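Every read-out reported here was derived from the displayed coordinates using simple, explicitly stated rules and does not represent laboratory data. No experiment lies behind these values; they were computed from the predicted model shown. Counting neighbours? That spans all protein chains shown, and the Cβs are built from the backbone with ideal geometry, glycine included.
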Amino acid sequence: MMKLEAIIQPSRFESVKDALREVGIEGMTVTEVRGHGRQKGHTEVYRGREYTVDLLPKIKLEMVLPDKLVNTVVDTILKTAKTGKIGDGKIFLSRVDEAIRIRNEERGESAL
Amino acid sequence: MKRAVLSCCFAMGLLLLAPSLLAQQAPAASSLASPSTAQKSDVSKEVNDKLAQLDQRVTAAQSAGDNAWMLVSAALVLMMTGPGLALFYGGLVRRKNTLAIMMQSFAMMGLISVLWALVGYSLAFGGSGPVIGDFSHAFLRGVGVDPNPDYAGTVPHLTFMIYQMMFAVITPALITGATAERMKFSGTVLFMTLWFFLVYAPLAHMVWGKGGFLNASGGRFPCLDFAGGTVVHISSGVSALVCALYMGKRIGFPKQPMPPHSLVLSFIGACLLWVGWFGFNAGSALAANGLASSAFVATHLGAAAAAIGWSLAEWFKNGKASALGAISGAVAGLVAITPAAGFVRPMPALVIGLSAGLFCYFMVTRVKALFGYDDALDAFGVHGAGGTIGALLTGAFAKEIVNPIFGPGKPVGGLDGHWSQVGNQLAGVLIAWGLALVGTIVILKITDLVTGFRTSEDHEVEGLDVTQHGEEAYYLES
């Protein structure tokens, strides 16, 4: 099992979600987050006072996947989340030791 | 023959009456049409009675129209404080101080209303002293449905009293813009109570009260202030500056970002202020007459031109016209047109508005940064600065044709050739500045000794909603 965390542009979220559903992804957890990588922020001016806003709104997707689906999902996200501009985000993958379904205590990949 | 002519006169007079009197008109007309019923009666007595009745009805009709407009105006001015100003200021603070700043406005709706009824009205509009009124109307004694011919001869005295009350309510609330995010609630209540007695009541009497030495009709320095440029905006704006200087900056100002937490709230607030201002300015005609229409038009054009002025300045400077800039400009224009509304024609109103938009933009963005004071929501930059420029321009642009306040045919402002009126305006401005400066310093010292004025550092960091009122504006878990 692998855990996939993807930070993407909010404007791409709906397309990513639809594409993932088409390749058979049934569950995901989504959070609205703020952050920045190499992308610089922008300036806002309120009555002459300038503020640099460097933490920008992003969407964070989290999902734990059976090994055989990982490549498909990564490809799908790469294809649909990309705008080609700086600030498109990142994907992180990590190994997951165990998954447990709370309702019936099922374990392993069948709990996903 | 004579009777026929009289009948004609009556019919014409009655036709001129308000439609609400149509019901009573029918029997009157029928009795005139059938002379047989009045064969033996004394003709001249009947005519005199009818004339007296007609006179009474005309007065009643005028009073009905004026009173309807003045009651609506009073309600509009109250709407400027809550929700208008409360939303405008509420959106500009950080979220942890939202309820506290709104509560400071709302508290004035309670506190000042009661003080006004007890003695405030009497101190502002009772008696005929040069500086302050007296106690003749304390506890609203003698304030009933009969008009007070000294101020508004066609509406009940009660209407005039409640209308003026709404001005007294909003004025101290304006000051809270400068002290936002760091003023104790107990200190606010004490400060505003003292300020109302020491600054507002005397200034209102000097400028508007009978015998007041700045009163346009008969004062030592006849100062034109149609709806409160001096009494409301200079007084509150200058006091706001004194408070901001005395209190010091908010923790973290100006390094830490403190952007407005919801410009949507501020936007709604500013639009409500704009609408409410029609009651403030056009209502100051104290009647539903041509002067009210003139003030209404000037008010609207002043606000519109100032919104454009501020936006253009921003566009030129930052490359973008912001929503906050546009609404700030509109408020600045409304402030500046306030003293002028009932004295100027529409085109000068545009000039006043445009000047105010540019001038207040300069005050808020440049002058504040230059001196480094923390007038948190720009109460001085908008009300103090806008009120001052508006008062002076009123002297230049006032016209006898709009409002012959000095008597028929006598020149009023600079455009009539009476340029010395600008000097009178300057006298009024200086006296208002002086009273606000001195009065506020004295009141601040007293408040600091009794309740304290500024919250503790911990409270300021945690936010005034929780520390002053024990609640939160946005409770995320519910």
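Over 43 Å apart: what share of the alpha carbon pairs of chain B falls there, rounded to a whole percent?
Of all Cα-Cα distances in chain B, 21 percent exceed 43 Å.
Could you please tell me the mean projected area of the C-alpha convex hull for the stretch A:1-65, averaged over all directions and given in square nanometres to one decimal?
Taking the Cα atoms of the stretch A:1-65, their convex hull projects to 5.4 nm² on average.
Could you tell me which of B:TYR373, B:PHE296, B:THR171 has its Cα farthest along the dipole of the stretch B:73-469 towards the positive end, charges placed at Cβ (Lys, Arg +1; Asp, Glu -1), taken about the Cα centre?
Positive-end residue among those listed: B:TYR373.
Please list, in chain and number order, the residues 5+ apart from A:VAL53 or on another chain whose amide H is under 5 Å from its amide H, with Hs placed from the backbone.
A:HIS42, A:THR43, A:GLU44
Place a +1 charge on the Cβ of each Lys and Arg in the stretch A:2-111 and a -1 charge on the Cβ of each Asp and Glu, then give the dipole magnitude about the Cα centre in debye, rounded to the nearest 20.
500
So what are the ³J(HN,Hα) numbers for the stretch A:11-28, from phi and the Karplus equation (6.51, -1.76, 1.60; θ = phi - 60°), rounded to whole Hz, Gly and Pro as x?
Result, rounded to whole Hz: 5, 8, 4, 4, 5, 4, 4, 5, 5, 5, 5, 5, 8, x, 7, 9, x, 7.
Going toward the positive end of the dipole of the stretch B:73-469, with +1 on Lys and Arg Cβ and -1 on Asp and Glu Cβ, which of B:PRO130, B:GLY353, B:GLY252 do you reach last?
Looking along the dipole axis, the top candidate is B:GLY252.
Stokes-Einstein diffusion coefficient for the stretch B:377-478 at 10 °C in a medium of 1.306 mPa s, Rh from the Kirkwood formula over Cα pairs: what value in µm²/s?
89
Applying the Karplus parametrisation 6.51 cos²θ - 1.76 cosθ + 1.60 with θ = phi - 60° to the phi angles of the stretch B:143-152, what ³J(HN,Hα) value in whole Hz is obtained for each residue in order, glycine and proline being reported as x?
Per residue, the Karplus-derived 3J(HN,Hα) values read 9, x, 7, 6, x, 9, x, 5, 10, 9 Hz.
Which whole-number percent of Cα pairs in the stretch A:2-111 have a distance greater than 18 Å?
56
Using all C-alpha to C-alpha distances in the protein assembly as shown, build P(r) with 20 Å bins and read off the rounded percent in each one.
18, 39, 24, 14, 4, 1
Using DSSP to define loop residues, name the GluC sites (Glu not before Pro) in the stretch A:41-110 whose beta-carbon has at most 14 other beta-carbon atoms within 10 Å.
Passing both the DSSP loop test and the Cβ count: A:GLU98, A:GLU105, A:GLU106.
For the stretch B:116-153 and the stretch B:334-413, what is the separation of their Cα centres, given in Å?
29
May I ask you to derive the relative contact order of chain B, considering only C-alpha pairs under 8 Å and at least 6 residues apart, and to give it as an integer percent?
Taking the mean separation of contacting Cα pairs over the length of chain B, I get 19 percent.
Taking the Cα centre of chain B as origin, work out the dipole magnitude from +1 charges on Lys and Arg Cβ and -1 charges on Asp and Glu Cβ, in debye rounded to 20.
Its charge dipole is roughly 780 debye.
With a Förster radius of 51 Å, plug the Cβ-Cβ distance of B:GLU462 and B:TRP419 into 1/(1 + (r/R0)^6) and report the FRET value to the nearest 0.05.
0.40
Based on the Cβ-Cβ distance from B:THR59 to B:ASP134, what FRET efficiency comes out when R0 is 35 Å, to the nearest 0.05?
0.75
Given charges of +1 on the Cβ of Lys and Arg and -1 on the Cβ of Asp and Glu, with all other atoms neutral, how large is the dipole of the protein assembly as shown about its Cα centre, in debye to the nearest 20?
That gives a dipole near 1060 debye.
Among the listed pairs A:LYS90/B:LYS255; B:LYS368/B:LYS410; A:LYS79/B:LYS317; B:LYS255/B:LYS320; A:LYS58/B:LYS368; A:LYS17/A:LYS68, which have their C-alpha atoms separated by more than 30 angstrom in this model?
A:LYS90/B:LYS255; B:LYS368/B:LYS410; A:LYS79/B:LYS317; A:LYS58/B:LYS368, as the Cα separations exceed 30 Å there.
Taking amide H positions as placed in the peptide plane 1.01 Å from N, state which residues far from A:GLU106 in sequence (5 or more) or on other chains have amide H under 5 Å from it.
Those qualifying (amide H under 5 Å, at least 5 residues apart or on another chain) are A:ARG101.
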